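Take a look at the structure below.
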Amino acid sequence: MKSWVMTVGSSVMVLLFVGGCAMITYARWTQPIADADAATDAGDFARGLALYAAAEKRFDSVPPLKRFLSSEYDRVVANQLWLLHRLERYEEAIEKAARAPEGANPHFWAGAACFKKGRTVVDQSARTAWLVRAQEELRRAVDAAPADWDAKFDLELAMRLNQELRRRPQTPPSELMHLLRPEPRPGAVPTRRVG
């Protein structure tokens, strides 16, 4: 009986030791993610982006780990997409989204970047192309996550802007968002909103 208890006790100790070593290894291996989170929280977006890219390279170097920790990998890529959009590096965001896993919500970020690019382009045909692409990407985002209200709102915005631009194609980029606001009726008194 005593040898059985010793065997079980030894096995438990070995498992605890191996588990502890695995946790320490994981913490060290994912340190760039923690550093990127801290940099992003501190507002240092360029550094955060570089650290997330370093973390992504680590995942890419070990494909089985990338599959095993897919939610963490998706988060790293999604944060890069968000940062690229935040830093107004829209073309890079679109390119990255094309290679990103579905868990990183790539269609939303590609759609948002295409929408921003479309709002700044002066050439009418290029503007229309960007806004149509934004609409397509955002529709895919809504199909992938039907409960995502941000994607639904942005899709509605892109659809309405495309519709208004068909009616008034000569609108300059600086006035595009005014197309989405309804014109007040002549002589109408604006309603006062409380709350």
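Worth a mention:
- Restricting the range 30-106 to GluC sites (Glu not before Pro) in coil, as DSSP defines it, with at most 16 other Cβ within 10 Å: GLU88
- Compared with the alpha-carbon gap, the fully stretched path from ASP150 to THR120 is longer by 8.7 nm at 0.36 nm per residue.
- Checked against a 26 Å cut-off, the cross-linked pairs LYS96/LYS152; LYS117/LYS152; LYS66/LYS96; LYS57/LYS117 give Cα-Cα distances beyond that limit for LYS57/LYS117.
- Per-pair calculated FRET efficiency, R0 = 30 Å: ALA38 and ARG160 via Cβ, rounded to 0.05: 0.15
- The accessible area of SER71, taken with all protein chains in place and a 1.4 Å probe, comes to roughly 90 Å².
The values are calculated or read from the model by the stated rules, or taken from the named source; none is laboratory data. Bear in mind the structure is a predicted one, so any value in this text is a computation, not a measurement. Every residue, glycine among them, receives a Cβ derived from its backbone with ideal geometry; neighbour counts consider all protein chains shown. For accessibility, only protein heavy atoms count, side chains too; no ligands or nucleic acids. Shrake-Rupley method; radii C 1.70, N 1.55, O 1.52, S 1.80 Å.
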